[in-house]
Amino acid sequence: MGVSERGRVMAELREDAEAALAAVAGLVLPRADWAHVERVLGAMESAVRAGDARALGTVTGQLELVGPSRVRLRAGEEGDGREPASPEVLDRLNRLVHALGSGTDDDDLDLTEGASAGGDPH
């Protein structure tokens, strides 16, 4: 794969991963499903740190398969055991979106604590 083709593939992988992360931010899931999301986010963080395009594609696919409900609960509304993303999960999503959006190639992705883009990952 040539350098320009590799860059195009990485750009597409990053866009897909960013879209999956933004979608997860709006999910309302049972607590057990959030535990699964956190494991997948850990795998995505590892893939980004390693610059591993194949792993990034795999974990992005796993995120895309999470949860059917994308409706947020209103404040004070009783739920069926489902809850929105915790502040910690939202922070991880932000760091990943920032890391994915800040690099020009797979070697300069930054997942440090201070790399948060701030705000919602949308």
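Values quoted throughout were computed directly from the atomic coordinates according to the rules given, and no laboratory measurement underlies them. On a predicted model such as this, the values are computed, not experimentally measured, just so you know. Here the Cβ is made from the backbone with ideal geometry for all residues, glycine too, and neighbour counts use every protein chain on show.
Structure above, values below:
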read-out: Simple label model, 7 Å out from Cα along Cβ direction - Glu64 to Arg39, nm; value: 2.1 nm
read-out: Leu29 long-range amide H proximity, modeled H, under 5 Å; value: Glu83
read-out: Counted charge near Ala32, where neighbours are those whose Cβ lies closer than 13 Å (Asp, Glu -1; Lys, Arg +1); value: 0
